[in-house]
1. Note down the relative contact order for the chain as a percent, whole number, built from C-alpha pairs under 8 angstrom at least six residues apart.
2. Can you send over the solvent-accessible area of residue 11, 1.4 Å probe, protein chains only, in Å² to the nearest 10?
3. Tell me the carbon and sulfur percent of the accessible area for the chain, rounded to whole percent, probe radius 1.4 Å.
4. Find out how many positive minus negative residues lie around residue 75, taking Lys and Arg as positive, Asp and Glu as negative, among other residues whose Cβ is under 14 Å from that of residue 75.
5. Compute the convex hull volume of the Cα atoms of the range 10-84, divide it by the residue count, and report the result per residue in Å³ as a whole number.
6. To the nearest 10 square angstrom, what accessible area does residue 7 show with a 1.4 Å probe?
7. So what is the accessible area of the chain per residue, in Å², with the probe set to 1.4 Å?
8. Per q in 0.29, 0.31 1/Å, what log10 I(q)/I(0) does a Debye calculation on the alpha-carbon atoms of the range 53-94 return?
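The values are calculated or read from the model by the stated rules, or taken from the named source; none is laboratory data. Fair warning: this is a prediction, and the values are worked out from it, not measured in the lab. Please note: Cβ atoms are built from the backbone with ideal geometry, for glycine as well, and neighbour counts cover all protein chains shown. Surface accessibility is based on the protein's heavy atoms, side chains included, excluding ligands, DNA and RNA. Shrake-Rupley method; radii C 1.70, N 1.55, O 1.52, S 1.80 Å.
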Amino acid sequence: MALTARHAEAWRLVDALGALIAPARHDLECVGCRLVVSSGPDDGWRVHYLEEWSSETALRHQVRLARFPQLMNIAERSLTPPEIAFELEHDTRGLDYVDEVRRHAGES
């Protein structure tokens, strides 16, 4: 996920994402998490947040957790539309993936 924010808001986003990264890092299925902040044009800052999971099954589980809507609420605070992607083994998906996973939650 990539977000854009002004300086002060960028650090609020980092704090909010930092609170969500800890539970992910403690999950045995988590391969890695990364939070990177870089300066951008026009006094904007880019906040990049990445979670890597051992399998698509593990990723689907994460999308179903209460932590995930919190992550999406943080994304909505981006100055520009957030860039959200789910890189799967043979495909890269957007938010349609979330809809699909949540719609079929009871089937797996």
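1. 32 percent
2. Counting only protein heavy atoms, residue 11 exposes about 100 Å² to solvent.
3. Working: 3470 of 6650 Å².
Of all accessible area on the chain, carbon and sulfur atoms account for 52 percent.
4. Around residue 75, the surrounding residues sum to 0.
5. Values: hull volume 6.6 nm³, N = 75.
In the range 10-84, the Cα hull volume divided by residue count equals 88 Å³.
6. 100 Å²
7. On the way: 6650 Å² over 108 residues.
On a per-residue basis, the chain sits at 62 Å².
8. Here the Debye-derived log intensity ratios amount to -1.08, -1.11.
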